[in-house]
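The values are calculated or read from the model by the stated rules, or taken from the named source; none is laboratory data. Note that this is a predicted model, so its numbers are computed, not measured. All Cβ positions, even for glycine, are placed from backbone atoms using ideal geometry, and neighbour counts span all protein chains on display. These area figures cover heavy atoms from the full protein model, side chains too; ligands, DNA and RNA do not enter into them. Shrake-Rupley method; radii C 1.70, N 1.55, O 1.52, S 1.80 Å.
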Amino acid sequence: MTAGTDWHLRDAHELAREQGVDPAIGLDETEVSARALQHGANELTSTAGSTWLGLLADQFKDFMILVLIAAAIVSGVLGELIDTVAIVVIVVLNAVIGFVQAWRADKAMAALQQLAAAHATVLRGGEVQKIPASGLVPGDIVLLEAGNQVPADLRLIDIAQLRVDESALTGESVTVEKNASPLMGVVHALGDRLNMVFKGTTATHGRARGLVMATGMATELGKVASLLDRDTDRSTPLQRRLAAFGKRLSLAVIAICAVLFTVGVLRGEAPLLMALTAISLAVAAIPEALPAIVTVLLALGARKMVTFNALIRRLPSVETLGSVTFICSDKTGTLTQNRMHAELLLADGERWTPGDAPPGPLHQELLRAAALCNDATHNLKGGWEGDPTETALTQVAADAGQHKPSLEQDAQRVLELPFDSKRKRMTTFHRTPEGLVAYTKGAPEAVVPQCTSQWKPGGTEPLQQARVLDAAEQLAAQGLRVLALARRNYAQLPGPDALEAAESDLCLIGLIGLIDPPRAEAAAAVRDCITAGITPVMITGDHPATARAIAHRLGIVPDADAIVLTGEALAALTDEALSARVRQVRIYARVDPLQKIRIVQALQAHGEFVAMTGDGVNDAPALKQADIGVAMGRGGTDVAREASSLVLLDDNFATIVAAVREGRRIYDNIRKFVRYTMTSNSGEIWTIFLAPLMGLPVPLLPIHILWVNLVTDGLPGLALAAEPAERGIMQRPPRAPRESLFAHGMWQHILGFGLLLGGLCLAVQAWALGTGHAHWQTMVFTVLTLGQMAHCMAIRSESESLWTLGLGSNKPVLGAVGLTFALQMAVIYVPALNTVFRTAPLGVLELVICLAAAMVVFIAVEIEKAWRRSRAATLNQVAS
C-alpha cells in the first residue's frame with residue numbers, strides 16, 4: 001500500500017498493483033471488509049467538543065467576575081440583598097450570552113460533513129455497484145460521471161473529457177480539465193495535480209474511472225477539516241484589555257476598601273457601618289456592569305451592521321475590526337464575480353471590447369464561431385448552463401446579437417471533434433446555406449500552428465503566426481485566459497480516416513481573452529481600506545498572472561509587474577524567511593489551505609491583526625485562525641460561514657469597509673463609556689477615601705453609593721452606544737493591536753477629573769458643615785450625581801465641543817441625563833423617598849451650589865477638549 005502522497009507523479013496502474021487491485025475488476029468484498037477495519041469509514045470526524053456544563057463553567061473564570069461573586073456573597077451575608085441580586089443578575093446575563101456564543105462556535109465540522117458525497121458508484125468483484133460513500137476504502141475503483149460529487153481522493157486511471165469544478169477546494173474559478181498521465185517535476189499545488197480528483201469537488205463534464213487513494217480524514221478535504229478542528233480561538237483585543245483592566249482594578253479597589261475600613265474603625269466609626277461602606281464602595285468602584293454594557297454595545301452595533309448586510313457571528317469581533325491592519329482576501333468570488341467574462345476580442349490586430357461600439361464584420365465572425373463551437377445550453381431562466389468559459393462566450397455573442405439558438409437554426413451542427421487534453425482544441429462542423437463550415441476553438445498554441453491564413457470578410461491573407469502567438473502571450477500575461485478560433489470550409493464532411501487532418505490548413509479568425517472580472521465595488525473598497533491604514537492582500541489558488549492582473553486592477557498593488565509569491569516558492573521558505581517577507585508581499589497564488597494559515601500566523605507574529613475573507617472550503621481553516629474571519633453569505637459555503645466571525649450577506653467586499661467603520665465607532669463608544677464610568681467611580685473613591693483623611697465624617701451612606709452606581713452607570717452608559725462616528729474616523733490608522741484601552745490620556749483624565757469631582761464633593765461638604773447646613777450629606781450626594789451627568793454630556797466626543805456636536809445629535813444621551821436628573825430630584829423632594837434614601841429637601845441656595853459644582857466639571861472637560869484641538873492643529877502644521 002502506498003505510503004506517500006506523490007500519487008500524481010506515478011503511473012496509475014503501478015499504484016493499482018501496489019494497492020492489490022485489478023482496475024478492470026475491483027476489490028472483492030472480503031478485502032473491502034478488511035480495509036474498512038484498517039482505515040475506518042470514509043467520513044470526516046472531529047474532536048469531542050466541550051460539554052454544556054464545561055462551557056457554562058468557563059463563563060465564570062474571569063477574575064473580575066469572581067471578585068463580584070465574592071462581593072455578592074459578602075453583601076448578602078450582611079443583609080444588602082438588593083446589591084446581591086443586582087450583581088447576580090449581571091453575572092448570570094454575561095454567562096448566558098457567553099454560553100450561547102461558545103455553543104455555536106464549532107458548527108463548521110458539521111457543515112464540512114455535509115460536503116461528503118452521499119453515494120458512490122464503484123466496481124467491485126467485476127460488478128458495478130452504487131454504495132454509500134462512507135463505505136469506500138483505499139483501492140476501490142470509482143466510476144465518475146458529470147454531476148457526481150467526488151466521494152474520495154482518486155488517482156485517475158482513464159478519462160473521457162473529464163472536467164472538474166475545484167473552486168471550493170482550490171479557489172480556482174475555471175473548471176479543470178483532467179488527464180490520467182503521470183506528472184513531471186516534484187512540487188505541484190492541488191490545482192496542478194491534473195490526474196487527481198479530490199473529495200468534495202464536482203465533476204461537471206465527461207466521465208472517468210479512478211483509484212481511491214485516500215478516504216475520510218486522510219483526504220485533502222479531511223486535512224482541511226483537521227486544520228479547522230484545531231483550537232485556534234484567539235481572544236479579541238477588547239477581551240484581553242478588559243481582562244487585564246478588570247484584574248488590576250479589582251485588586252486596587254480591594255486594597256483601597258481595606259484601608260478605608262481600617263482607618264474608619266481606628267477613628268471610632270461603627271465596624272458594621274464601615275464594612276457596609278467598604279463593600280458598597282467596592283461594588284461601585286468595580287464596574288460590574290462593564291461586561292454587560294460592553295456586550296450590549298456590541299450587540300447594538302451588530303444589529304446595526306445587519307442593516308448593511310454584515311452579520312456578526314461572534315460579538316467581540318465587532319470591536320476587532322477597528323484593530324485590523326491586514327485584510328487577506330481570497331480572490332475568487334470575493335474580489336471577483338466568480339464567473340468568466342469575455343474581456344476583449346482581437347482579430348487581425350484589431351481590438352474590440354464588449355460593450356463598446358457595435359462589432360465589425362471580422363469580430364462578428366469571431367463571435368459567431370464562439371457561439372457555434374460551444375456546448376453551453378440555454379436554460380428556462382434565460383441564462384446559460386455548462387462550462388463557465390463556454391457560457392461566457394455564448395453570453396458575449398448574444399450581447400452582440402449573435403444568439404446561439406438562432407445561429408444553430410441556420411448552421412446546424414452535423415459533426416464534432418470533442419475537446420481533449422492532448423489536442424487542446426475542439427472542432428464542430430455546421431451545414432449552412434453557403435455549404436459546410438468547421439469552427440475550431442482551443443488554446444492559441446494548439447490552434448494557431450494549424451492555421452495557414454487569416455480570415456477576412458472579403459477573403460483571406462497570409463498569417464503571421466509568430467505575431468499572433470506573441471499577442472496571445474501578452475494577453476495571458478495580463479491575466480486573461482486566451483482562446484483562439486479558426487474556421488475552414490468543406491465541400492463535404494470528412495470521412496472517419498480524415499478527421500485528424502480536418503484540424504489543419506485552418507483559417508484563423510482571432511483571439512478572445514476571458515477573465516473572472518473584479519467586482520464593480522471592490523476597487524473602491526480597496527481604496528477605502530488603504531485610506532484607513534489597512535493593507536489588503538490577495539491570497540488565491542489561481543494562477544500568478546491572473547492574480548497579479550486582478551490585484552493591479554483593484555489597486556492592491558501599484559504596478560502590473562508586482563511580485564507574486566507562489567505556493568511552490570512559499571513551501572521552500574522557512575518560517576523565518578516567510579516572516580521577513582510577509583509584510584511586503586501583497587499577492588499569493590497557487591497556495592493551499594495550510595499555507596494560508598502560515599501566512600496569517602506570520603503576520604500575527606509581527607503583531608498584526610489579520611482579517612481573512614473567503615467563501616470556499618479551502619478558506620475555512622484560515623478564517624478560524626485569523627483574528628476575524630469574514631465569510632460570504634450568499635455564494636459562500638456553510639463551512640466558511642461557520643468558521644467565520646463575520647458573514648457578508650451580500651458577498652460584497654465593500655461591506656467590509658462599512659463594518660470596519662462601524663467597528664471603530666463602537667470601540668470609540670466603549671472607550672467613552674469606560675472614560676465616563678471610571679471617572680465616576682474615581683470620583684466616588686476619592687470622595688469616600690479622602691474624607692476621613694481630611695477629618696470629615698463619612699460623606700455618603702451605602703444606599704447613596706448604590707443609588708449613584710445604579711442610576712449613573714446604567715442608562716447614560718447605554719445611551720453612549722448611540723453616539724455617531726467621530727469625524728475622520730476612516731482617515732486615521734488602525735489602533736495599534738497592543739494599544740491600551742486607556743491610551744491617549746484617558747487614564748490621566750479618569751484620575752484627574754475623578755479627583756476634581758471628589759474635590760468638589762468634599763468642598764461642598766466642608767462648606768455645608770462650616771456654615772451649619774444640616775443637609776450636607778444630601779448636597780454631597782447630589783453633587784456626585786449631577787457632576788457625573790455633566791461629565792457624560794461633555795465626553796460625547798474626545799475633541800469636539802458639545803456645541804459643535806449639537807445637544808440633539810444623540811437624543812438617547814439627552815434623554816438619559818434628563819431622566820437621571822428627574823430621578824435625583826425625586827429622591828431629594830419626594831417625602832416617601834427621603835425616608836428610604838435618608839435625604840432631605842434642599843433649599844434654593846443649596847441646589848444652586850450643587851448645580852454650579854456640576855457645571856465646573858462640564859467646563860473643565862470642554863477646556864481639556866479645546867486644548868486637544870489646539871495641540872492637534874499645531875502637530876498638523878508641524879507635519880505639513
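DSSP assigns beta bridges within the chain; of those with both partners inside it, close to 75 percent run antiparallel.
Relative to the longest principal axis of the Cα atoms of the chain, the long axis of helix 702-713 lies at roughly 30 degrees. The residues packed around residue 434, meaning those with a beta-carbon under 14 Å from its beta-carbon, carry a net charge of +2 if Lys and Arg are +1 and Asp and Glu are -1. Whole-Hz Karplus values for the stretch 856-861 come out as 4, 4, 4, 5, 4, 5 Hz, taken residue by residue from phi with 6.51 cos²θ - 1.76 cosθ + 1.60 and θ = phi - 60°; glycine and proline positions read x.
Using R0 = 35 Å, the C-beta based FRET efficiency linking residue 443 and residue 36 works out to 0.20. Axis angle, to the nearest 10 degrees, between helix 654-693 and the longest C-alpha principal axis of the chain: 20 degrees. Within the assembled protein chains, the solvent-accessible surface assigned to residue 352 is about 30 Å², based on a 1.4 Å probe. Protection proxy ranking for 647-654, 456-463, using the average of other Cβ atoms within 10 Å per residue and placing the highest first: 647-654, 456-463. Each Lys and Arg contributes +1 and each Asp and Glu -1, all at the Cβ; summed about the Cα centre of the chain, the dipole is approximately 2660 debye. Positive-end ranking of 770, 494, 294 along the dipole of the chain, with charges on Cβ about the Cα centre, is headed by 770.
Against the chain, whose longest principal axis is taken from its Cα atoms, helix 544-554 shows a tilt of about 50°.
Identify, among 614, 673, 631, the residue whose Cα sits farthest towards the positive end of the charge dipole of the stretch 585-703, taking +1 on the Cβ of Lys and Arg and -1 on the Cβ of Asp and Glu, with the dipole about the Cα centre. Checked the options; the winner is 673.
Only the Cβ atoms of Lys and Arg (+1) and of Asp and Glu (-1) were treated as charged; on that basis the dipole of the stretch 466-529 about its Cα centre amounts to roughly 240 debye. Label zone (residue 490, point 7 Å along Cα-to-C-beta; backbone nitrogen cut-off 13 Å) within the stretch 432-447: 432, 435-440.
Applied to the stretch 350-359, the Karplus parametrisation 6.51 cos²θ - 1.76 cosθ + 1.60 on θ = phi - 60° returns per-residue 3J(HN,Hα) values of 9, 9, 9, 9, x, x, 7, 4, x, x Hz, with x for Gly and Pro.
So which chymotrypsin sites (Phe, Trp or Tyr not before Pro) in the stretch 765-810 pass both tests, a DSSP loop state and at most 15 other Cβ atoms within 10 Å of the Cβ?
Numbers: sites: 767, 776, 781, 803; in loops: none.
Here no loop site has a sparse enough neighbourhood.
With all protein chains in place and a 1.4 Å probe, the accessible surface of the stretch 529-668 carries 50 percent carbon and sulfur.
In this simple spin-label model, placing a label point 7 Å from the Cα along the Cα-to-Cβ direction at both residue 747 and residue 835 gives a separation of 4.8 nm.
As a rough guide to protection, the peptides 371-380, 605-614 ranked by mean Cβ packing within 10 Å, highest first, stand as 605-614, 371-380. The accessible area of residue 744, taken with all protein chains in place and a 1.4 Å probe, comes to roughly 110 Å². From the cross-link list 304/331; 199/223; 223/331, which pairs have alpha carbons spaced over 18 Å apart? Violating the 18 Å limit, Cα to Cα: 304/331; 223/331. The helix-only estimate of mean residue ellipticity at 222 nm for the chain, built from DSSP H runs of length n ≥ 4 each weighted as -39500 (n - 2.57), is -15000 deg cm²/dmol after division by the residue total.
Entry comment: accessible area of the chain is 41 Å² per residue, from protein heavy atoms only and a probe of 1.4 Å.
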